[in-house]
Amino acid sequence: MKLSDLFSNDITIDPQVKAVEISGLAVDSRAVKPGDLFFALSGAKTDGARFIDAAIAAGAVAIAGQHSPEGGCRVPFVTTPNPRRALALAAAKFFPKQPSTIAAVTGTSGKTSVAAFTRQIWQHLGFEAASIGTIGLVSPKRAVYGSLTTPDPIALHRQLDEIAREGVTHLAFEASSHGLDQYRLDGVRVNAGAFTNLSRDHMDYHPDVAHYLAAKLRLFHDLVAADGAAVISADHDCSAEVIGVARQRKLLTITVGHKGDGAGEGICVAASAIDGFAQRLELEHRGRRYSTHLPLVGEFQIENAVVAAGLAIGTGSAPDAVFAALEQLEGAKGRLERVGEYHEAPIFVDYAHKPDALAKALQALRPYAPRKLIVVFGAGGDRDAGKRPLMGAIAAENADEVIITDDNPRSENPAAIRAAIVAAAKGAVEIGDRAEAISNAIAGLSKGDVLLIAGKGHETGQIVGDRTLPFSDHDAVAQALAQRVA
């Protein structure tokens, strides 16, 4: 592909170098191959311009960035005011194929479940569907677990191109605030966007909640197609602001939840009732009432499922078939997932690693714990330290027994992280070793108890220092149960 084909017309390229052939894109000088176009991006920790010489030595035939290096550049240099966005748009041109129907999901909690549920609904309706997000890529041809919530633009567009060539027509993917703020999703042809909720998270990246919300709103301001749909959970404090942006752009706006407009395009949850480890729902949409059975635990899973239903309807699927498909949903891996039981006490694993998510998970399990609700959790290092005491207080308020352990301490002192949580969790037990904490919690279970292991969900590693050690809450539960059976 020619260099000029990768950039929009408003970016000036010297006519003498427009025809330079580009065989690949790179943002990491260590990954540059001969014939690549290297994007020198400025980041929080370093400036990509420092690696231009290394990229050229590795074979880069052109460089793109905000400023040409002092003394000039030995290969063609393309100046762009927004290199991150230019990278995303170039990746979309270099990898041109995309599924014909794409839904993006943003919000603090629920993105993974909504993306997975939307994929499942489409599959039940007969479409070749996939999802991309925190747990990885899931498609009819393959499942690749372990990914960033929103991959870098090159990886994302390569993946879109690959799954489209494999026959995927419908894709649901997670749109993180980082991905939106860093323009990673620009160039994706988004037909529908969904908003779940907003609560404290990523305050180590965003200077304040207003900045965090503004990043989420980019999905509706800039990325959803002009004739697309916006599906918005209407039950939250900031929902009105998101609805306002969607309506200002004249998107098909589908509000969902207890405040959804059941007489119009919205979906109203008119009634719900616990039915064992499932729930019965009464939904209203376009003036019609639908009764359905949701095989999932928790009020927040109702919200996630109905948002997914809204995305399916907003992209053209028939409401009757969509609501019927809710009865076949399976929870995403590590999202309030029942992984075993001991002495008839169920054990759940959940990814909850922020205050609001932890509260929702504990509140969802409270009805199933006539005796005691026990929680094992920690907090990640090198992340928002302010949420640690908040999570400790939430655990103490919502659980009967609290065990504080390590999560991913990264470069921080694990004991200091635990201490910040324990200070706000009166009566909590502290067991640093996560496997030992899980084993002790299981050993103490009796009939009528419920155990929640929170924080890591689907993850299969524990980051300690600069190393990622093999660790899975699922495996730790299985090993603890096996030892007791033996």
Seminar exercise, completed: accessible surface per residue for region 313-370, probe 1.4 Å, DNA/RNA/ligands not counted, whole Å² -> 38 Å²
For this session: Take the Cα pairs of region 147-198, get the Kirkwood Rh, then feed it into Stokes-Einstein at 10 °C and 1.306 mPa s and tell me D in µm²/s.
Result: 133 µm²/s
Exercise. What list of whole percents do you get for P(r) of region 235-347, with Cα-Cα distances grouped in 10 Å bins up to the one holding the largest distance?
Worked result: 13, 43, 29, 11, 3, 0
Exercise. With charges set only on the Cβ (+1 for Lys and Arg, -1 for Asp and Glu), what does the dipole of region 205-353 come to about its Cα centre, in debye to the nearest 20?
Worked result: 500 debye
Problem set entry | Mean separation of Cα contacts under 8 Å (6+ apart) over length of region 104-164, as relative contact order % | 19 percent
Seminar exercise, completed: Phi-derived 3J(HN,Hα) across region 21-34 with the Karplus relation (6.51, -1.76, 1.60, θ = phi - 60°), rounded Hz, x for Gly and Pro, is 7, 10, 10, x, 10, 8, 10, 10, 4, 6, 9, 5, 10, x
Exercise. What are the aspartates and glutamates whose alpha-carbon lies under 16 Å from the alpha-carbon of Lys447, with same-chain residues fewer than 8 places away excluded?
Worked result: Glu341, Glu344, Asp400, Glu401
Problem set entry | Dipole of region 272-378, positive direction: furthest Cα of Tyr342, Leu283, Ala324, with charges on the beta-carbon | Tyr342
Problem set entry | Dipole-positive endmost among Pro367, His221, Val450 within the chain (Cβ charges, Cα centre) | His221
Exercise. Which order do peptides 124-137, 261-274 fall in by mean Cβ count within 10 Å, highest first?
Worked result: 124-137, 261-274
For this session: Please give the peptides 315-324, 110-119, 87-96, 15-24 ranked by average Cβ packing (other Cβ atoms within 10 Å per residue), highest first, as a rough proxy for protection.
Result: 110-119, 87-96, 315-324, 15-24
Exercise. Any idea what the relative contact order of the chain is, in percent, if you count C-alpha pairs under 8 Å spaced at least 6 apart?
Worked result: 10 percent
Exercise. Going down the list Lys250/Lys333; Lys97/Lys360; Lys97/Lys456; Lys216/Lys360, which pairs span over 29 Å between their C-alpha atoms?
Worked result: Lys250/Lys333; Lys97/Lys360; Lys97/Lys456
Seminar exercise, completed: Taking protein heavy atoms only, a 1.4 Å probe, and rounding to whole percent, the accessible area of region 1-131 owed to carbon and sulfur comes out at 50 percent
For this session: Using only alpha carbons, build the gyration tensor for region 356-486 and give me the equivalent ellipsoid semi-axes, biggest first, whole Å.
Result: 22, 19, 12
For this session: Enter the per residue convex hull volume of region 44-202, computed from alpha-carbon coordinates, in Å³ rounded to the nearest integer.
Result: 131 Å³
Exercise. Which value results for Rg/Rh of region 302-428 when Rg is the Cα radius of gyration and Rh the Kirkwood radius based on the inverse mean 1/r?
Worked result: 1.07
Exercise. Considering only DSSP beta bridges whose two residues both sit in region 1-138, what percent are antiparallel, to the nearest 5?
Worked result: 35 percent
For this session: Assign unit charges at the C-beta atoms only (+1 for Lys and Arg, -1 for Asp and Glu), then state the dipole size of the chain relative to its Cα centre in Debye, rounded to the nearest 20.
Result: 520 debye
For this session: Express the C-alpha Rg of region 1-50 as a ratio against the empirical globular expectation 2.2 N^0.38 Å, rounded to two decimals.
Result: 1.26
Exercise. Given Thr101, Val20, Pro295, which one lies farthest toward the positive end of the charge dipole of the chain, if we put +1 on the Cβ of every Lys and Arg and -1 on the Cβ of every Asp and Glu?
Worked result: Val20
Problem set entry | 31 Å Cα-Cα threshold exceeded, pairs from Lys141/Lys354; Lys2/Lys111; Lys93/Lys141 | Lys141/Lys354; Lys2/Lys111
Problem set entry | Amide H partners (placed H, <5 Å) of Ala130, local residues excluded | His170, Leu171, Ala172
Problem set entry | Charged-residue dipole, Cβ positions (Lys, Arg, Asp, Glu), region 71-143 about Cα centre, Debye nearest 20 | 240 debye
Problem set entry | Eligible aspartates and glutamates near Lys33 by straight Cα distance, threshold 16 Å, same-chain separation 8 or greater | Glu21, Asp53
For this session: Report the label-to-label distance for Glu344 and Ala263 in nanometres (one decimal), using points 7 Å from each Cα along the Cα→Cβ vector.
Result: 4.9 nm
For this session: Can you pull the one-decimal nm distance between simple spin-label points at His221 and Ser8, each 7 Å off the Cα toward Cβ?
Result: 1.5 nm
For this session: Pairs of Cα atoms under 8 Å, at least six residues apart: use those to get the relative contact order of region 411-470, whole percent.
Result: 29 percent
Exercise. Could you work out Rg/(2.2 N^0.38 Å) for region 429-486, with Rg from alpha carbons only?
Worked result: 1.19
Exercise. In the neighborhood of His124, defined by Cβ-to-Cβ distances under 13 Å, what is the net charge if each Lys or Arg adds +1 and each Asp or Glu adds -1?
Worked result: -3
Exercise. What fraction of the DSSP beta bridges in region 370-486 is antiparallel, stated in percent and rounded to the nearest 5?
Worked result: 25 percent
Exercise. Could you state the per residue volume, in Å³, of the convex hull enclosing the Cα atoms of region 309-379?
Worked result: 133 Å³
Exercise. Where q = 0.10 Å⁻¹, what log10 of I(q)/I(0) comes from the Debye formula for the chain, counting one point per Cα?
Worked result: -0.80
Seminar exercise, completed: Expected vector for region 239-244, Karplus 3J(HN,Hα) from phi with 6.51, -1.76, 1.60 and θ = phi - 60°, integer Hz, x for Gly and Pro, equals 4, 4, 5, 5, 4, x
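The values are calculated or read from the model by the stated rules, or taken from the named source; none is laboratory data. No experiment lies behind these values; they were computed from the predicted model shown. Cβ atoms come from the backbone with ideal geometry, glycine included; neighbour counts cover every protein chain shown. Remember, those area values only see protein heavy atoms, side chains included, never the ligands or the DNA or RNA. Shrake-Rupley method; radii C 1.70, N 1.55, O 1.52, S 1.80 Å.
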